[in-house]
1. Is it the case that some residue within segment B:122-135 is away from chain A (no Cβ under 12 Å), in contact (Cβ under 8 Å) with a residue 12 or more places away in the chain, crowded, with 24+ Cβ neighbours inside 10 Å and assigned to a helix (DSSP H, G or I)?
2. If we scan segment B:209-231, do we find a residue that is modelled with pLDDT under 90 and either at negative phi or not assigned by TED's automatic domain parsing to the domain that holds residue B:177 (or both)?
3. Counting only residues that are assigned to a loop (DSSP other than H, G, I, E, B), within 23 Å of residue A:258 (Cα to Cα) and in contact (Cβ under 8 Å) with a residue 12 or more places away in the chain, how many does segment A:336-377 have?
4. Return the only residue of A:351, A:346, A:286 being crowded, with 24+ Cβ neighbours inside 10 Å and touching a strand residue (DSSP E or B) at 6+ places or on another chain (Cβ under 7 Å).
5. For residue B:151, state whether it is surrounded by fewer than 16 Cβ atoms within 10 Å (Cβ to Cβ), at pLDDT 90 or above and either within 10 Å of chain A (Cβ to nearest Cβ) or touching a helix residue (DSSP H, G or I) at 6+ places or on another chain (Cβ under 9 Å) (or both).
6. Evaluate segment A:404-426: report whether one residue or more is closer than 22 Å to residue A:339 by Cα, surrounded by fewer than 22 Cβ atoms within 10 Å (Cβ to Cβ) and more than 23 Å from the chain's Cα centre (by Cα).
7. Hey, among the residues in segment A:421-437 that are touching a strand residue (DSSP E or B) at 6+ places or on another chain (Cβ under 9 Å) and part of a helix (DSSP H, G or I), which one's nearest to the other protein chains (Cβ to nearest Cβ)?
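The values are calculated or read from the model by the stated rules, or taken from the named source; none is laboratory data. Bear in mind that the values here come from a model prediction, so they are computed numbers and not experimental data. Note that each Cβ is placed from the backbone with ideal geometry, even for glycine, and that neighbours are counted across all protein chains shown.
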C-alpha cells in the first residue's frame, strides 16, 4: 500500500496564482503557475518523502496553504538540488563554507556559497522516489561514511564526505576558522589527506577572542577576506573589484534590512501570524543565501513581508498554531526543533540566535568594503564573549516575548556545549525565563528523545 | 468490590517495562506491569488489560486514558499523551504533596525533576545519549557478575568497602569491572562502587536543577536498595519511602492527569 501524501488544495490555487514570479540570479523567472504545477504534480513524485503524512517526519515543511510565500520557499527548497546541478552545468562556481559568515564576498565573486546543511540538501535531492524511511536510511548511510572518512566526534560533517566521495561538484572549500565551529579541523584534516585533496582549500583566519574593537584585528581579517576573494577569483577566472564587493554588501544589506523588518513585524503581532517553520523560512531569507540564489531569496522575501504585514493587520493566526502557544526561543549553532510536532504540543518557535546574529548586523557602505565587512563580521553578537552574547540574546528574547529558552548543541560542537550553561544562567538570572539545555545526537535526526524533552519543557511552561 | 464510580487510567510504556494504573475517582484501584516488547501499542495494551482484569472492568468503562513514556506516541487507546517528566511529577505529588525533588531512573534514562506544591514541574535535567546511570547500565553489570538484577542492591549493601569506578561509559565500565575482579577486588565492593558512581552521575544532574526536600525516588531502579542508599549519600538527603511500587509512579501520574483532563473537559464533575 502506498504512503499517504499531503496535497495542496485546489481551493487555494486562485489566490496563489495572483502572487508574484520568482526571479533568479541568471535573470530567469518562474511563474506561480509553474510553481503550483511543480508542487502538485512533479515534486510529490520526485520527493514523496517531503509530502508523506507521517507523525515522525522531522522536516516536512509548512503546510500553510493560504500563505503563498510558504509555498514558494517550499518550491525553492525542493528545487535546490536541480538548481545547483544546473548552475554547475552553466559553469557557476560553488564554495563549501562553514563558520557562520555572511556570504557577501562570495556574491561579489560570483560564487554560490553553501553551508553544510545546504550541501547535504543538494546531495539529498539527487535521488528521487524515496519515502521517509528510505530517505532517512540514505542520510544515515551518508553520515556513517562521514564517520569513516572524518571522525565520529565531528558535528557537521556535511560537505566533506560529499567532496571526498565525488558526489557533488564543489570547487572550493573555504571555512572561517571561527570558534563557533570547533570541529572544522576534522573536516579540514580529512580533506588534506583524502582522495579529492585537489579541491582547493582556504581557511579564512578569523581573529579569535573578541577582537572587534582592535583595528589590527579588523585589518588582519580584512586581509583574509581579500585572500578569500582572490582564491574565489582563481577558481572563476574573473577579477572581483572593490566595487563588486560594495555592490554585494549593498544587496545583502537590503536583504538583512528586510529580514529584520519581517522578524520585527512578526514579533509585533498579537497572535503568531505564521507557524514556526514559515517564520524561520522567511526570516532566514534575509541572509539571501539559504536557497543558493540571492535574487530568488530577495524576491520571495519582499513578497513575504507584504503577506506578513497583511496577516498582522488582520490578526490572522498561522496554520496549526495553538491558541496562546508557549513561545520558544532557540539558541545554538546549526540547530532548530521540529516545528510541527512542537506546535502539536502547544508551542511555537519565535526566534533563533544563530544566523539571526548576522542578519541583524548591517555592514557600513561608505569606505573600504573589505574593512567594513571585516568589522561587521567581528562584531556579530553571536561571536562575542559569553556576557555580551547573553545580553544581546536577552534583548532578542524580550523583543520576541519568549516564554522559554532552549539551548541545543550538537554532539561534537564543543564550544557551544561549553558556553551553553553560562549563557542560559545569565538569561535565567536576568529574565527569570525557564531554560533548558539539550545535547543533540550525532546524526542530527530529530528523534523521539529530543522531542520528549521539548514537549516536557513545553508542559512545564 | 463496588464498580460504581469514575475510572481514569494512566499507561506508561517505557523501554524495559509497560505499566498501568487505574484510579477510581481519586483512589488507586488497580495496577498492571509487564515487560515491554518491540510493539509499544501491544505492550501498553497488555499492561492496561492486566489492570482492567484485576479491577473487573472493561476498557470502555474508563472515562479517560493518558499515555506516557516513550510509547506514548503509539498509544491509539489513549485520549491524550503527556511526557513522563510531567507524569512522574504528578504521581509523586499525589502520594506525597510535600515532595519537591524527584529522581527518576528508568531503563534508558535518568531524570532530575524539581516540582512545586501542586506537582507542576519547575525545572528538570536528563542524561543525554549515554546509558551510564540507567537501568540498562545495572543490567549490564548484573550480567558481568552473573547475578539477578533484583539482587544487585542487596549485594552492594553487604560491601565492606567502596571500589571507585572511573569509567563513565557502560562498555568501558564493564571492562574496568572485569579488570577489578582480576585484581582480586571483592564483587560486593565493586558493585558498591558501581552504585556510588551512578549516584555521583545523578548528583551532577542536580547541580543543574538544585535539590529541595522532600526527595522522592521513582522508576524501576528505585526498587534497588543499594541505589537508594548510594543516592542518599551522594545527595546528602533522605529519600521518602513510596507506598506503591516506584516503577508505577509515571503511570500513576498519567492517571491523575487523566482525571484532571476529564474534569476540564466536563466528563467528570
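1. Yes, that holds for at least one residue.
2. Yes, because at least one residue in segment B:209-231 is modelled with pLDDT under 90 and either at negative phi or not assigned by TED's automatic domain parsing to the domain that holds residue B:177 (or both).
3. 10
4. After applying the criteria, what remains is A:351.
5. Yes, satisfied.
6. Within segment A:404-426, none of the residues are closer than 22 Å to residue A:339 by Cα, surrounded by fewer than 22 Cβ atoms within 10 Å (Cβ to Cβ) and more than 23 Å from the chain's Cα centre (by Cα).
7. We begin by selecting, within segment A:421-437, every residue touching a strand residue (DSSP E or B) at 6+ places or on another chain (Cβ under 9 Å); these are A:421, A:423-425, A:427-428, A:431, A:433-437.
When the remaining residues are screened for being part of a helix (DSSP H, G or I), the result is A:421, A:423-425, A:427-428, A:431.
Details: A:421: 8, A:423: 14, A:424: 10, A:425: 10, A:427: 14, A:428: 10, A:431: 15 Å.
Per the stated criteria, the residue is A:421.
Residue-by-condition table, conditions (1) away from every other protein chain (no Cβ under 14 Å); (2) under 25 Å from residue A:250 (Cα atoms); (3) surrounded by fewer than 18 Cβ atoms within 10 Å (Cβ to Cβ):
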| site | (1), (2), (3) |
| --- | --- |
| A:363 | yes, yes, no |
| A:383 | yes, yes, no |
| A:396 | yes, yes, no |
| A:439 | no, no, no |
| A:447 | no, no, yes |
